[in-house]
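A.B. asks: My questions all concern the structure below.
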Amino acid sequence: QTNGKVERFNRTLLEEWAYARPYRTETERRQAFPDWLHAYNHHRGHTALKGQPPASRVPNLTRQNT
């Protein structure tokens, strides 16, 4: 089950970040990664989480419990 989650994340990386658009250089691709990862963790809904982003599952990460 864990391997399936990792494999799905890797597939998502390829489809939504690495090859989602043409990059001129590998440096440009790497520079785009932090923004993509933030969107993935904080804004992109996940079906396993009933449409919520992963960050919503981490207590106080978004200061929602202060």
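A.B. asks: Checking the structure you have, find out if any residue of the stretch 21-37 is modelled with pLDDT under 90, open to solvent by 70 Å² or more (accessible area, probe 1.4 Å), part of a helix (DSSP H, G or I) and of a type outside the set (Ser, Thr, Tyr). Write out each step before concluding.
C.D. replies: We begin by selecting, within the stretch 21-37, every residue modelled with pLDDT under 90; these are none.
No: the stretch 21-37 contains no residue that is modelled with pLDDT under 90, open to solvent by 70 Å² or more (accessible area, probe 1.4 Å), part of a helix (DSSP H, G or I) and of a type outside the set (Ser, Thr, Tyr).
A.B. asks: Do you know which residues across the stretch 38-60 are among the basic types (Lys, Arg) and assigned to a loop (DSSP other than H, G, I, E, B)?
C.D. replies: Listed by number, the residues that qualify are Arg44, Lys50.
The values are calculated or read from the model by the stated rules, or taken from the named source; none is laboratory data. As the structure is a prediction and not an experimental result, all values here were calculated from the model. For the accessible areas, the whole protein counts, side chains as well, though only heavy atoms, and no ligand, DNA or RNA atoms are used. Shrake-Rupley method; radii C 1.70, N 1.55, O 1.52, S 1.80 Å.
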